[in-house]
Each structure stands twice: as C-alpha cells, then as structure tokens.
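Engineer: Handing you a structure now.
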Amino acid sequence: MRFAELNAAVVELRRSLRTFVGETALDEIHIRPPARENDEASFMRLVNWSYVLLFEAGRVTVPYLMKLPGMAGQAVERLQEGRGVVHDLRTWSSHNIGFSSERDAAISRRVGVWFLARCKATEPRDEGAWRLCFESLCSEVGLIMEHCRNALASIAADEDEAGAIEELRHRLDRSWPTDRFDEIVADTCTRLGVRLKVPGFRDQRLAQWREFLATVPDSDDPRGTITRLIERDVVDHTNDVLPIDGEDVMAVLDLAPGPAVGNALRRARDFFRSGIRDRNQLLDRLQREESATREASGDDA
C-alpha cells in the first residue's frame with residue numbers, strides 16, 4: 001500500500017466517525033508525514049505518524065473498533081499484532097534500546113524479525129529495502145483502518161447496535177487528557193501536604209485511572225470519583241516510601257556498604273510505620289539508636 005492510500009483511508013474513517021460518533025473520535029494528525037517512500041527518514045516519519053494515529057489521535061476509538069466484527073476472517077489478534085509492530089518500531093527508533101533488560105532485548109528481536117520478513121535484512125540499508133518496509137507498514141496500518149471502517153459501518157447501519165455507538169461516545173467523553181489528571185494529582189498533593197514528582201507518579205498509574213474512569217456511572221461525578229481514587233493512591237504511596245535512602249544512612253551512621261545498611265533501613269521502616277515521617281527525625285532516631293547500641297557493646301566488653 002502507498003502512503004497516499006493509507007492517508008485517504010484515515011481521512012475517510014475520520015469523516016465517518018465525525019458523522020456517526022462525534023468530532024473528537026479521531027483527532028487530526030499534525031506531525032509531518034513522510035516525503036518519500038524509499039529512504040530511512042521517510043520510514044521513520046511513517047513510524048511516528050502511524051504511532052500518533054493508533055496511540056494518540058485514535059487512542060480510544062481504534063482499540064474499541066478493532067474488537068468489533070469488521071472484516072470477514074480477520075482475527076483481532078492479527079490487528080493487535082499490527083498495532084504492536086507500530087509500537088515496537090517507534091520505541092526502537094526513538095529510544096536508546098539496547099540489551100540491558102529483557103524488555104529492550106525482546107523489542108529489538110521483534111523489530112529484527114519484522115525487518116527480516118519484509119526485506120531479508122535485520123535492518124534496511126538501501127532504497128529497495130526501505131521501500132519494502134515502508135509499503136509493508138502502510139499495509140499493516142491500512143488493514144487496521146479498513147477493519148475500523150467496516151466495523152463502524154456495521155454498527156452505524158444496525159439499530160440494534162446503537163448501544164455500541166453510545167458506548168464509544170461514553171469512552172471518548174471519559175478519555176481525559178494527561179494534564180487533567182496532573183492537575184488533580186497536584187491539587188491532592190497541596191491539600192495533603194505531600195511532595196511528589198507528578199509526571200513519574202502519574203505515569204505509573206495513568207492506565208489504571210483511565211480504565212477506572214471509564215467505569216464510573218453517568219449518574220456519578222467523574223471528577224469527584226477519580227479525585228478520591230488519586231487521593232488514596234497518594235496516601236498509599238507516601239505511606240510506603242521512606243524519605244531516606246541507603247546513602248543517607250551510610251552518611252549519618254558512618255557505615256560502609258553492606259548488610260548493616262540494609263538492617264538500618266529496615267529499622268527506619270519500622271520507625272516510619274510507627275509514625276515518624278520526617279526525614280531528619282528518622283535519621284536522628286537511627287543515630288540515637290546506633291549510639292545506644294555501641295555504648296551497650298562497650299559496657300559488655
């Protein structure tokens with residue numbers, strides 16, 4: 001498939017979604033599209049463009065339609081595989097992927113296998129190979145678009161499937177942007193007197209919050225409900241994370257790296273759970289305990 005054909009399929013799907021679902025069902029893609037079809041730069045642009053399409057502009061709509069009946073004989077697993085390829089290629093091309101972790105190694109292997117199947121090389125090197133990979137990726141993404149178009153046509157034409165349209169609208173309505181969750185986290189931290197790095201805290205829980213938000217009944221206040229969930233998560237996090245680390249313990253107790261540092265941190269956690277939450281108070285308690293232990297050892301000697 002050529003990129004012009006893929007782009008036309010996306011435009012057609014977006015137009016149909018706006019007609020039957022709403023304006024926000026598939027956002028516009030504003031990053032630069034590929035200029036050619038047979039070079040590395042154009043392939044990388046296609047990867048990024050496809051990622052925005054499937055994971056940002058269509059983050060809610062595409063996975064929802066992929067699970068509905070669309071193309072005869074087209075398994076959901078095959079469509080998921082194509083979406084996964086885009087995710088892997090984008091990670092491979094945009095991040096410092098190595099072999100330091102099992103996840104990185106697995107992504108590198110999957111990308112290498114994908115390239116081998118398309119151009120008989122673990123990574124394209126010439127114009128012919130880049131063209132084969134470019135057209136193959138267009139076809140895989142185009143297959144997802146075709147399925148989504150057919151699935152939408154099916155539920156739009158069947159009055160008995162009106163609930164599927166309403167369910168998609170409901171999911172889109174509950175598909176809050178990331179900064180809306182960040183605002184609630186920041187407000188919660190201010191209210192509870194807690195200091196957190198909001199992006200890192202949010203990234204660990206965003207998928208869970210979005211999944212929960214989609215289940216909140218229309219009769220409830222979604223912001224109030226998600227605020228209570230975030231408050232619980234903030235409290236649980238602060239109840240779990242010590243305000244000191246091994247380096248703090250080594251400096252205050254004059255310890256070398258080793259088991260003694262771990263033992264001191266375990267005692268610090270006991271003090272933390274008993275109600276000593278301030279960093280300086282925790283270190284002071286450890287220091288006083290250590291001094292008492294050394295004095296007792298000296299007396300026994």
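The values are calculated or read from the model by the stated rules, or taken from the named source; none is laboratory data. This one's a predicted model, so the numbers in the text were calculated from it and none came from an experiment. With ideal geometry, Cβ positions are generated from the backbone for all residues, glycine too; neighbour counts draw on all protein chains shown. Just the protein is used for accessible areas: all its heavy atoms, side chains included, with ligands, DNA and RNA removed. Shrake-Rupley method; radii C 1.70, N 1.55, O 1.52, S 1.80 Å.
Engineer: Relative to the compact globular guide of 2.2 N^0.38 Å, what is the alpha carbon radius of gyration of the stretch 54-163, as a ratio?
Structural biologist: 1.25
Engineer: For the stretch 9-68, count the residues as N, evaluate 2.2 N^0.38 Å, and divide the Cα radius of gyration by that value, please. Can you show the working numbers first?
Structural biologist: Values: Rg = 12.7 Å, N = 60, 2.2 N^0.38 = 10.4 Å.
Cα Rg divided by the expected 2.2 N^0.38 Å: 1.22.
Engineer: Looking at the stretch 144-281, what % of the alpha carbon pairs are farther apart than 19 Å?
Structural biologist: Working: 6240 of 9453 pairs.
Summing the P(r) tail past 19 Å for the stretch 144-281 gives 66 percent.
Engineer: Here's another thing I want to ask about it. So how long is each side of the chain along the principal axes, counting just the alpha-carbon atoms, biggest first, in Å?
Structural biologist: Each principal axis gives a Cα extent; for the chain these are 85, 55, 32 Å.
Engineer: May I pose another question? Viscosity 1.567 mPa s, temperature 4 °C: give me the Stokes-Einstein translational D for the stretch 150-228 in µm²/s, with Rh taken as the Kirkwood radius over C-alpha pairs.
Structural biologist: Values: Rh = 14.5 Å.
Translational D for this selection: 89 µm²/s.
Engineer: Along the Cα-to-C-beta direction of Asp179, a point sits 7 Å from the Cα; which residues of the stretch 29-56 have their amide N less than 17 Å from that point?
Structural biologist: 30
Engineer: Next up: Using 0.36 nm per residue of separation minus the Cα-Cα distance, give me the extension gain between Glu28 and Ser297 in nm, one decimal.
Structural biologist: So the extension gain works out to 89.7 nm.
Engineer: Here is a further query. Find the eigenvalues of the gyration tensor of the Cα atoms of the stretch 1-118, then list the square roots of 5 times those eigenvalues as equivalent ellipsoid semi-axes, largest first, in whole angstrom.
Structural biologist: Equivalent ellipsoid semi-axes, largest first: 26, 18, 14 Å.
Engineer: If one computes P(r) from the Cα atoms of the stretch 74-132, what percent of pairs lie at distances over 20 Å?
Structural biologist: Result for the distance tail: 30 percent.
Engineer: Moving on. Which value in nm describes the separation of the simple spin-label points at Arg169 and Ala8, placed 7 Å from the Cα toward the beta carbon?
Structural biologist: Result for the modelled spin labels: 3.2 nm.
Engineer: Compare Met1, Met145, Met44 by solvent-accessible area with a 1.4 Å probe and give them largest first, with all protein chains kept in place.
Structural biologist: The residues order as Met1, Met44, Met145, largest area first.
Engineer: Further question on the same structure: Rounded to the nearest 500, what is the 222 nm mean residue ellipticity of the chain from helices alone, with -39500 (n - 2.57) per DSSP H run of 4+ residues and division by all residues? Walk me through the numbers before you get to the answer.
Structural biologist: Numbers: 13 runs with 211 residues, N = 301.
So the calculated ellipticity at 222 nm is -23500 deg cm²/dmol.
Engineer: Give the Kirkwood hydrodynamic radius (Å, one decimal) of the stretch 199-274, defined as one over the mean of 1/r across all pairs of different Cα atoms.
Structural biologist: 15.2 Å
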